[in-house]
Amino acid sequence: MAASVFELIMARVHAVLLAGSTAAGTHVFRGRDDAFGDDELDAINVRRADSGGDVLTSNGERHQLAFTLTCMAAGDDWETAVDALHMQAHALLLADAVIAAKGKGLRLLSTDLQNDSADRVRGRLTARYQIQILVRPGDFSVAT
């Protein structure tokens with residue numbers, strides 16, 4: 001069975017960030033639940049979030065796919081580091097022609113900073129994104 005256009009976009013987001021030039025290097029993950037060790041930072045974790053849709057006409061539906069990028073860093077200046085990492089990731093996503101072809105209107109909805117300090121100073125910035133996807137009714141395998 002073919003993957004949904006939602007999954008195709010999520011796979012592309014992960015691939016773009018993994019191949020792109022960011023401070024995370026190869027520490028880009030998809031849906032990781034395990035804790036991150038200090039030796040894995042800087043890192044990005046991509047996770048699919050809620051989606052919703054509307055019927056536009058008898059020939060089309062519009063869906064909104066949401067996803068998060070959690071950017072993590074350690075050190076006294078972790079807030080500056082996660083912001084820079086997020087901006088690197090943001091630029092890569094906006095520049096990708098494949099993502100733009102599968103969805104429309106990629107936009108940043110919000111960001112949230114969280115201090116994860118325990119034995120070492122570290123934290124995260126979670127950025128929530130949304131992209132619109134147009135499909136034929138009931139066919140989620142191809143964007144129109």
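In table form, for the structure just shown:
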quantity	calculated
Residue match in region 79-102 (condition: among the acidic types (Asp, Glu), more than 13 Å from Ala23 (Cα to Cα), buried (at least 17 other Cβ atoms within 10 Å of the Cβ) and within 18 Å of the chain's Cα centre (by Cα))	yes
Flag if Arg120 is surrounded by fewer than 19 Cβ atoms within 10 Å (Cβ to Cβ) and within 22 Å of Ser4 (Cβ to Cβ)	no
Meets criteria (touching a residue at least 12 places away in the same chain (Cβ under 8 Å), out of contact with any His (no Cβ under 6 Å at 6 or more places or on another chain), crowded, with 16+ Cβ neighbours inside 10 Å and in a loop (DSSP other than H, G, I, E, B)) for Thr22	yes
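Every read-out reported here was derived from the displayed coordinates using simple, explicitly stated rules and does not represent laboratory data. These figures come from a predicted structure and were not determined experimentally. Note: ideal-geometry Cβ built from the backbone for every residue, glycine included; neighbour counts use all protein chains shown.
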